[in-house]
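The values are calculated or read from the model by the stated rules, or taken from the named source; none is laboratory data. Being a predicted model, the structure only gives us computed values, none of them experimental. Neighbour counts are summed over all protein chains in view; Cβ atoms, including those assigned to glycine, are modelled from backbone coordinates with ideal geometry. Keep in mind that these areas ignore ligands, DNA and RNA; they rest on the heavy atoms of the full protein, side chains included. Shrake-Rupley method; radii C 1.70, N 1.55, O 1.52, S 1.80 Å.
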Amino acid sequence: MTKIVNHWIGGKTVEGTSGNFGPVTDPATGQVTTKVAYASTDEVDAAVAAAKDAFVTWGQSSLAQRTSILFKFRALLDQHRDEIAELITAEHGKVHSDALGEVARGLEIVDLACGINVQLKGELSTQVATRVDVAAIRQPLGVVAGITPFNFPAMVPMWMFPLAIACGNTFVLKPSEKDPSASVRLAELLAEAGLPDGVFNVVHGDKVAVDRLLEHPDVKAVSFVGSTPIARYIHTTASANGKRVQALGGAKNHMLVLPDADLDAAADAAVSAAYGSAGERCMAISAVVAVGSIGDELVEKIRERAEKIKIGPGNDPTSEMGPLITATHRDKVASYVHNAAAEGCEVVLDGTGYTVEGYENGHWIGISLLDKVPTTAKAYQDEIFGPVLCVLRVDTYEEGVALINGSPFGNGTAIFTRDGGAARRFQLEIEAGMVGVNVPIPVPVGYHSFGGWKDSLFGDHHIYGNDGTHFYTRGKVITSRWPDPADAPSGVDLGFPRNH
Ligand code: NAD
């Protein structure tokens, strides 16, 4: 029997009433395993109303109450790592170890939220004028919404809601309709940890649900992670509706390899970062830029390693790479490889047409490696979001930096070198939000913030870390005077207040 995934509103499962359902497919078998309810605007309104009601008390709750619940949630999450990873693999397709890694990175943000009392410490200046003190505090916004992509169905929601609710907000999540089960399991664990009803809600669906969140007058802020065109749309629409918004978009992450680099380490890193999670990571390396004469040797080292990757179902412990999310996406990824030669690329490995015995209907594609890719090729210009690595050749460091800075995306980038001076220059000259030095996927730890530049992020705030706390709170400054009985009597003074 097909499983049904319903909404989570006001602390309980709420069956979808819109009559609209979407299919959820196991990417390894190609079988539809689940139906997910798509919310109508009324159902989104019900979730926002539950969150608004809950904010009345949650917004006033003590930091100790909030953190004690978050500590319990952390323990439950830790206990249920495997189960959540299995849900992710069943709907996303990534291998179990990768899904466990995603849960671990989400847990880091819960760790951070458990220490929210430290982050929310205010500022106090005493005696700024005679018997006048100034305090700066930060307060929650109210109901905030999160809209998340398919590729990290547990981690990306956890980039958002732990800090949002720790700051005293209530939350409505609209997860990806392609792999919705992990988000509902997180909601159940939050309830088990003692989170009051309505503080965390999940509505599933498509554009109808998203658009209602973007226009709802009671939603004060929107966090979005997904592709660039939708991120741009979310930022424009939510901003026009007066909301605070952070919208993280797509990427084309470059890895610059200088001639002095350890080429074995660079090849290991390129293969891990390009083909891990079948390239469906916003921090995947999709373009290697080889400087000088090392190109042939580097491509050969990448090819040797890439050919050995074991592709298979995510729940097989011997698999290193799983299938793609949908057959449509698989075909789109394949089209870039099919067109590559005509666009001037040298096709070193062609992974199209790949299949796995016993799983012939799965969304499989093998490893593709394109060399001498011109910047005019679609395979270079677009975010492919699949296991296709482009290698570009340049003569100098300066040419490499200019090429990378010419990309409209600016999520992450990396340099591989033994030259500290060149690495330092790169850190300062490169136009991207996250930079790795001999580190291919420079995803910051939870207590730093994550986010790109240019078309990889719309809005002022990166996500989680201090930027996260800042995004989910607003500042208030309180100036107070407590006169002493011995003070001279006050009088009317129409002058602008001076401090003395
Ligand atoms: P997507 O943009 O298609 O979908 C993201 C969310 O937006 C989903 O919840 C989806 O239901 C919703 N959505 C889709 N189309 C919409 C529309 N027309 N109107 C309103 N809402 C809409 O992204 P995806 O395919 O789920 O995820 C992959 C993308 O996410 C890639 O581009 C990847 O780079 C990006 N991503 C970025 C980061 C980052 O930190 N920058 C992290 C993870 C993923």
All other residues with a Cβ under 12 Å from the Cβ of VAL202 taken together, and with Lys, Arg as +1 and Asp, Glu as -1, what is their net charge?
-> 0
Within the accessible area of the range 243-336 (1.4 Å probe), percent carbon and sulfur = 49 percent
How far is the Cα center of the range 75-98 from the Cα center of the range 421-453, in Å?
-> 28 Å
The answer for VAL288, listing residues at least 5 apart or on another chain whose modeled amide H is closer than 5 Å to its amide H, is MET255, CYS390, VAL391, LEU392
What whole-number value in Å² describes the accessible area per residue of the chain for a 1.4 Å probe?
-> 42 Å²
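Under the rule of -39500 (n - 2.57) per DSSP H run of 4 or more residues, summed and divided by the residues of the chain, what mean residue ellipticity at 222 nm is obtained, to the nearest 500 deg cm²/dmol?
The helix-only estimate for the chain comes to -11500 deg cm²/dmol at 222 nm.
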What dipole magnitude, in Debye to the nearest 20, does the chain give about its Cα centre under +1 on Lys/Arg Cβ and -1 on Asp/Glu Cβ?
-> 1440 debye
For LEU248, distant residues with modelled amide H under 5 Å away = PHE224, VAL225, GLY226, PHE458
Relative contact order for the range 299-426 using alpha-carbon pairs under 8 Å, separation at least 6, rounded to a whole percent?
-> 18 percent
In the range 109-171 the accessible area split gives carbon plus sulfur, as whole percent at 1.4 Å, a share of 53 percent
Could you work out how far apart the two model spin labels at GLU215 and SER293 are, taking each label as a point 7 Å from the Cα in the direction of the beta carbon, and quote it in nm?
-> 6.4 nm
Partner lysines whose C-alpha sits under 28 Å from that of LYS476, ignoring same-chain residues fewer than 8 away, are LYS52, LYS121, LYS220, LYS243
Here the longest stretch of the chain that holds no trypsin sites (Lys or Arg not before Pro) in a DSSP loop having at most 13 other beta carbon atoms within 10 Å is 132-307
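Counting Lys and Arg as +1 and Asp and Glu as -1, each charge on the Cβ, what is the dipole of the range 253-437 about the Cα centre in debye, to the nearest 20?
Rounded to the nearest 20 debye, it is 320 debye.
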ALA75 versus LYS35: modelled label distance in nm, points set 7 Å from Cα along the beta carbon direction = 4.0 nm
Please list the non-local residues whose amide H lies under 5 Å from the amide H of ILE4, H modeled 1.01 Å from N, same-chain partners needing a gap of 5 or more.
-> LYS35
Would you be so kind as to identify which of THR318, PRO180, PHE73 lies farthest towards the positive end of the dipole of the chain, taking Lys and Arg as +1 and Asp and Glu as -1 on Cβ and the Cα centre as origin?
-> PHE73
Going residue by residue through the range 33-49, the Karplus relation 6.51 cos²θ - 1.76 cosθ + 1.60 with θ = phi - 60° gives ³J(HN,Hα) values, rounded to whole Hz and with x marking Gly or Pro, of 9, 8, 10, 10, 6, 9, 6, 7, 5, 4, 5, 5, 4, 5, 5, 5, 5
Within the range 253-437, percent of DSSP bridges classed antiparallel, to nearest 5 = 10 percent
Taking the alpha-carbon centre of each part, the distance from the range 197-230 to the range 111-153 in Å is 22 Å
Leaving out same-chain residues fewer than 8 places away, which lysines sit with a Cα under 21 Å from that of LYS332?
-> LYS94, LYS178, LYS252, LYS378
Set Lys and Arg Cβ to +1 and Asp and Glu Cβ to -1, take the dipole of the range 253-437 about its Cα centre, and tell me which of ALA290, VAL347, SER335 lies farthest positive.
-> SER335
Return one number: the angle in degrees, 0 to 90 and rounded to the nearest 10, between the long axis of the Cα atoms of helix 155-166 and the longest principal axis of the Cα atoms of the chain.
-> 10 degrees
Each label sits 7 Å from Cα toward the beta-carbon; between ALA240 and GLU429 the label points are separated, in nm, by 4.1 nm
